[in-house]
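Some notes on the structure that comes next.
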Amino acid sequence: MCRKVIFIVKIFCLLSLIIFLGCDKDGTSSGSRFDSLEEEIDYIAEQYVKVGGMIGVINKQQERLIFSYGTKSFNIDDPPDANTVFEIGSITKTFTTTLLADMFLRGVFSDDTVSHYLPANQVTMPSAEGIEITFGHLATHTSGIPKAPHEDDSNFPLPPDFDYFSPYTCYTTEHIYDYLSNYCTLSFMPGTWWEYSNTGMGLLGHTLGLIDGTSYDSILKRYLFDVLGMDNSSIYLTEQQQSNLALSHNSDYDPGLYFIANDIFQGAGSIKSSLNDMFKYLEAQMGLAETPLRNAINLTHQPQLHQGSLGDQGLAWFILELDDGQVITYHGGDTYGYSAYIGFNASASTGVIILVNYTLNGTQITMGQEILKAINKY
């Protein structure tokens, strides 16, 4: 699959001379079988991109490299660009925990017991051995709340219009309140183990909206999108976004479904965004852009516990040492027909964003790591 577009936007030119001095005469790092970083990224993308996708890189010179592959739809010859909209799936969780850290640092709340902010006459939070679930538990997947009601062994009655291909569309706040109050049995005592939970992260976003007196959608826009200038990102697609949307595709190349969720699950995976907007987010995460969210962002990167092959668990983020010695901070996302990845090496100020309109089912994590290792060579 041919690369359609490459743009290079220089952010800090002075660093290029420093990097050049460490390269061979042809400008490439020793030991590489490729002539350039661009060539190696093309090779990697060829292995993974099945319909279309955008890859964004921040290299060692702190330049933006933008790559476009394939098409926005399997049957239409229309390449994506840096403003094309994709779902980012569970990368949304890092936005949710950034909101959590920001609200905490601004003194919006001090008590982090989840039940204290939920309507007592509508929901009773599950607990184990007297240990109550906190925001910290939700932000690190250590609450014990199962991943989702439809993946729990409880007798919770699923909504009448429930669809396993779009499982989060049908849940209302009332459904999840009922599940938590009457059906949810914690998998373990909060804080003693780890289990990935969309329900837990969705509940976190919902509760932060309640604390603000608005909604998750509202605080996401006011405290993150507006602050970072991410004007092409949203929970619900606008008409403008719809006009430049990469259509989703499942593993059979059939059109997929879109991730639609009520407030209760939005914080787990609802954001739609573009490469240009995700560059703004990545540069804020890496400290390349000045933002009042700096302290909140740094807080989300702090390891809270170790989680095996995934690395250390931060607040939603994972921190992992690669086999080339880099320590990266990363997260992936999958919805029904989209896959995404964001990862960066904070010490080298390098990073990558991957947005594709095809179900990769987690292999974009490997793809992201391969690109980060490629960046490290040049």
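The values are calculated or read from the model by the stated rules, or taken from the named source; none is laboratory data. Computed from a predicted structure; not experimentally measured. Glycine also receives a Cβ, built like all others from the backbone with ideal geometry; neighbour counts cover every protein chain displayed. Accessible surface is based on the protein model in full, side chains and every heavy atom, while ligands, DNA and RNA are left aside. Shrake-Rupley method; radii C 1.70, N 1.55, O 1.52, S 1.80 Å.
Worth a mention:
- Average Cα contact separation per residue, the chain, under 8 Å, 6 or more apart, as relative contact order %: 24 percent
- Stretch gain in nm, segment GLU129-ASN295, where the contour uses 0.36 nm per residue and the Cα spacing is subtracted: 56.3 nm
- The stretch 261-297 and the stretch 318-378: distance between their alpha carbon centers, rounded to Å: 16 Å
- Residue-wise HN-Hα coupling along the stretch 183-192, computed from phi with Karplus coefficients 6.51, -1.76, 1.60 (Hz; x: Gly, Pro): 10, 6, 10, 4, 6, 6, 5, x, x, 9
- Where only DSSP H runs of four or more residues are counted, the chain gives -8500 deg cm²/dmol as its mean residue ellipticity at 222 nm, each run worth -39500 (n - 2.57).
- Over all Cα atoms in the stretch 231-270, the spread is summed up by Rg and Dmax: 11.8, 33 Å.
- Over the stretch 23-173, accessible surface divided per residue gives 41 Å², non-protein components excluded, 1.4 Å probe.
- Annotation note: GluC sites (Glu not before Pro) in the stretch 253-342 located in DSSP loop regions with a Cβ neighbour count of at most 15 within 10 Å are GLU290.
- With R₀ set to 30 Å, the beta-carbon distance separating ARG106 from GLU239 gives a calculated FRET efficiency near 0.35.
- At q = 0.18, 0.20 Å⁻¹ the log10 of I(q)/I(0) for the stretch 135-176 amounts to -0.60, -0.71, computed by Debye summation with a single uniform scatterer per C-alpha, solvent ignored.
- By average C-beta atoms within 10 angstrom, highest first, the peptides 167-173, 310-316: 310-316, 167-173
- Among the listed pairs LYS147/LYS280; LYS72/LYS272; LYS60/LYS93; LYS60/LYS373, those whose Cα-Cα separation exceeds 21 Å are LYS147/LYS280; LYS60/LYS93.
- Nearest-0.05 FRET efficiency for HIS306 and THR113, computed from C-beta distance (R0 22 Å): 0.30
- 3J(HN,Hα) along the stretch 165-178: 7, 9, x, 8, 5, 8, 6, 9, 4, 4, 4, 6, 4, 5 Hz, from the Karplus curve 6.51 cos²θ - 1.76 cosθ + 1.60 with θ = phi - 60°, whole Hz, x for Gly and Pro.
- Take the Cα of ILE260, go 7 Å toward its beta carbon, and the backbone nitrogen atoms of the stretch 138-176 under 15 Å from that spot belong to 161-172.
- In a DSSP loop and with at most 14 other Cβ atoms within 10 Å, the trypsin sites (Lys or Arg not before Pro) in the stretch 67-137 are ARG106.
- Approximating the spin labels as points 7 Å out from Cα along Cα→Cβ, the TYR253-to-MET189 distance works out to 5.4 nm.
- Accessible area per residue for the stretch 317-373, computed on protein heavy atoms with a 1.4 Å probe, is 27 Å².
- Just checking the listed ones, SER251, SER215, SER233: in the Gaussian network model of the chain with Cα springs under 10 Å, the one fluctuating most is SER251.
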